[in-house]
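> Here you go, one structure.
The values are calculated or read from the model by the stated rules, or taken from the named source; none is laboratory data. None of these values were measured; they are calculated from a predicted model. Here the Cβ is made from the backbone with ideal geometry for all residues, glycine too, and neighbour counts use every protein chain on show. Side chains are part of the model used for accessible areas, which takes the heavy atoms of the whole protein and leaves out ligands, DNA and RNA. Shrake-Rupley method; radii C 1.70, N 1.55, O 1.52, S 1.80 Å.
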Amino acid sequence: MQMFEQIDQHPDLYGILRGTCEENSLCIAFCDLLKCGGEIDDNKVRILKIDSYYNSSRMHNPPPSIDCLIIVNLGENRFDFYLIELRDVTITGLVHPVAIVPKFRTVVEKFFHEDFSEIFLSSSYQLNRFKLWLVTDPFHAASLTEEQYKKKIEGTVLEIYQTLKPLKFRDKIAMIEPKRPVPEICL
C-alpha cells in the first residue's frame, strides 16, 4: 500500500489532515506543480497538523511539537518531508532553540519512530529531501533582500540555528533552517 493510502486509512492521521499549513499570519506556499485547479493536489501533497495530534484531549502531558509535516509525493515511492514550525513573533527571544528544537525532536524520535513507525520507517519508500523549517519574521523584514536579512539575524538567536547539531531521519540529516514568510515548497 502506498504511503498516502496508509495515512488516509489511519484514523489518527486522517483526523489531522489539513488543506493548508498556516497559523496566524504565517503560511507555506506551494508552486503550481503541486497544485491542481489552484488548490493543493491531493495526489502530490499531504499536510499533517502534528500539534493537533499531540495536543488532543486524549493525550495527558503532550510533548512539544511542530505545526505541520508536509509530505510531497515525487512518484515511484519517493517522498520529500518538510517539518514546519510557524512562529508569528515580534522578538527573536521567542524563537530560542531551547523551545524550538524539542518540537522537531518529538516528530523525528516519537512520531516517526514510535507512534507511526509502520508507515514512516517502511522500507517500501525512499526519502528524497528532509527539511526542517522554522518560519518566522520577528523583524517584519519582508522587504529586505536576502543579504540584508542575513545581516539582520547576525548576533540574534536565529544565528544560533546554524551551529546546532542536525537531526537525522533514515539516511538524511538536516539542520533547522530559519525561513522568512512565505517559503514555497516545490518539486
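> Can you send over the carbon and sulfur percentage of the accessible area for region 1-86, probe radius 1.4 Å, protein chains only?
Numbers: 1830 of 4150 Å².
Roughly 44 percent of what the probe reaches on region 1-86 is carbon or sulfur.
> Under the Karplus relation 6.51 cos²θ - 1.76 cosθ + 1.60, θ = phi - 60°, what is the ordered set of whole-Hz ³J(HN,Hα) values for region 75-87, x standing for Gly and Pro?
x, 6, 6, 10, 9, 9, 10, 10, 9, 10, 10, 9, 10
> Whole number in Å², please: accessible area per residue of region 91-181, 1.4 Å probe, ligands, DNA and RNA not counted.
With the other protein chains kept in place, region 91-181 gives 53 Å² per residue.
> For region 106-119, just list the computed ³J(HN,Hα) in residue order, Karplus coefficients 6.51, -1.76 and 1.60, θ = phi - 60°, integers in Hz, with x standing in for Gly and Pro.
So the Karplus estimates, Gly and Pro as x, are 4, 5, 5, 7, 9, 4, 6, 8, 10, 5, 9, 4, 4, 9 Hz.
> Isolated Cys in the chain by the 4.7 Å beta carbon test?
27, 36
> Karplus couplings for region 158-172 from phi (6.51 cos²θ - 1.76 cosθ + 1.60, θ = phi - 60°), rounded to Hz, Gly and Pro as x?
Working through the residues one at a time gives 5, 5, 4, 4, 6, 10, 6, 5, x, 9, 10, 9, 6, 9, 10 Hz.
> For the residue pair residue 123 and residue 10, what label-to-label distance in nm results when each label sits 7 Å from Cα along the Cα-to-beta-carbon direction?
Distance between the two pseudo-spin positions: 2.0 nm.
> So, with a 1.4 angstrom probe, what is the percent of accessible area on region 133-185 that is carbon and sulfur? Please list the in-between numbers first.
Values: 1560 of 3140 Å².
Carbon and sulfur together cover 50 percent of it.
> Solvent-accessible area per residue for region 26-81 at a 1.4 Å probe radius, Å²? Walk me through the intermediate numbers first.
Numbers: 2570 Å² over 56 residues.
On a per-residue basis, 46 Å².
> Could you grab the relative contact order for region 120-187? Cα pairs under 8 Å, six or more apart, rounded to a whole percent.
Values: 58 pairs, mean separation 32.4, N = 68.
Once normalised by length, the contact order is 48 percent.
> Within the set 110/172; 131/179; 49/152; 49/168, which residue pairs have Cα atoms separated by over 19 Å? Walk me through the numbers on the way to the answer.
Working: 110/172 17 Å; 131/179 11 Å; 49/152 31 Å; 49/168 21 Å.
Violating the 19 Å Cα-Cα cut-off are 49/152; 49/168.
> Also, quick follow-up: Taking H as built 1.01 Å from N, whose amide H comes closer than 5 Å to the amide H of residue 179, not counting residues under 5 places away?
134, 135, 136
> Quick query: amide H of residue 187 versus all other amide H atoms, modeled in the peptide plane; which residues come in under 5 Å with a sequence gap of 5 or more or a different chain?
Counting only residues 5 or more places away or on other chains, the set is empty.
> Give me the one-decimal nm value for the distance between modelled label points at residue 145 and residue 2, 7 Å along each residue's Cα-to-Cβ direction.
4.4
> In whole angstrom, how far apart do the alpha carbon centroids of region 62-96 and region 117-187 sit?
That distance is 8 Å.
> Taking amide hydrogens as modeled 1.01 Å from N in the peptide plane, which residues meet the under 5 Å criterion relative to residue 67, leaving out close sequence neighbours?
Under 5 Å from the amide H of residue 67 lie the amide H atoms of 84, 85, 86, each far enough along the sequence or on another chain.
> Once you put a point 7 Å from the Cα of residue 18 and another 7 Å from the Cα of residue 41, both along the Cβ direction, what distance in nm separates them?
2.3
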